[in-house]
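The block underneath contains the structure these notes are about, expressed in structure tokens.
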Amino acid sequence: MVIIVTGDIILRNVIVKGFVWANEVSEYALYLITLLTAPWLLRRGQHVRLDLILTAVPRRVAWLMEAAADIIGFIVCLVMIRYAWLMTFEAFRNGSLTIKNLIFPEWWMLAPLPISFVLLAIEFVFRFHRLLQSRDRRAEATSVA
């Protein structure tokens, strides 16, 4: 993505015509990077969280809040898996195309959605299991303390 954007900028400034598709490819790359790194970041505890609240409440309350977040996250992932699968299947069945500078089947961009949410759901199960074993708030919940 960096090479494409840099090449596009250089070409636009040198010969006044760059890669017409560069912005589009960058948009798709950002989307895919976000989807595919979300499960990994959740696994490492580097997702967005409000550590300040977890360190301000008693340990037992923090543990319950962590457990509730894992359960809610898992349920939300299940809902998202269902709808992402339905959208992807519908796009495939209808033969929908994404038409901009690049033309390709729409389901190509939708296919990573259910995969990503399946991985996130699995990670929420693992997180909940680790939380049950520890009986204390997670270590990453103390980063502001």
Here are some conditions: (1) farther than 29 Å from Val118 by Cα; (2) surrounded by fewer than 14 Cβ atoms within 10 Å (Cβ to Cβ); (3) of a type in the set (Asp, Glu). Glu27 meets all but one. Which one does it not meet?
-> (1)
Could you tell me whether region 43-51 includes any residue that is hydrophobic (A, V, I, L, M, F, W, C) and either touching a residue at least 60 places away in the same chain (Cβ under 8 Å) or farther than 23 Å from Ser134 by Cβ (or both)?
-> no
Unique match (being exposed (fewer than 14 other Cβ atoms within 10 Å of the Cβ), within 19 Å of Ser134 (Cα to Cα) and not basic (Lys, Arg)) among Ala62, Ala68 | Ala68
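Can you tell me which residue among Val25, Val5, Val61 is modelled with pLDDT of 85 or more, in contact with a helix residue (DSSP H, G or I) (Cβ under 8 Å, 6 or more places away or on another chain) and of a type in the set (A, V, I, L, M)? Lay out the reasoning, then the answer.
Details: Val5 fails: modelled with pLDDT of 85 or more; Val61 fails: in contact with a helix residue (DSSP H, G or I) (Cβ under 8 Å, 6 or more places away or on another chain).
None of the other options fit; the residue is Val25.
Do we have Leu97 as over 30 Å from Gln133 (Cα atoms), surrounded by fewer than 16 Cβ atoms within 10 Å (Cβ to Cβ) and either at pLDDT 90 or above or in contact with a Ser or Thr (Cβ under 7 Å, 6 or more places away or on another chain) (or both) here?
Yes, satisfied.
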State which residue pairs qualify: first residue within 30 Å of Val20 (Cβ to Cβ) and inside region 96-125, second residue of a type outside the set (A, V, I, L, M) and part of a helix (DSSP H, G or I) in any location, beta carbons under 6 Å apart, and separation of 6 or more residues or different chains.
-> Lys100/Glu24; Asn101/Glu24; Leu102/Glu24; Trp107/Thr88; Trp107/Phe92; Leu110/Thr88; Ala111/Thr88
Among helices (runs of 4 or more DSSP H) lying entirely in region 37-145, which contain 2 or more residues that are over 30 Å from Val25 (Cβ atoms) and within 21 Å of the chain's Cα centre (by Cα)?
-> 59-94, 112-134
May I ask you to list pairs of residues, at least six apart or on different chains, whose Cβ atoms are under 6 Å apart, with the first in region 1-23 being without any contact (Cβ under 8 Å) to a residue 12 or more places away in the chain and the second being of a type outside the set (Gly, Ala, Ser) and part of a helix (DSSP H, G or I)?
-> Gly18/Asp8; Gly18/Leu11; Gly18/Arg12
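The values are calculated or read from the model by the stated rules, or taken from the named source; none is laboratory data. Predicted model, so just to flag it, every value in this text is computed and none were measured. Reconstructed Cβ throughout: ideal geometry from the backbone, glycine too, with neighbour counts over all protein chains shown.
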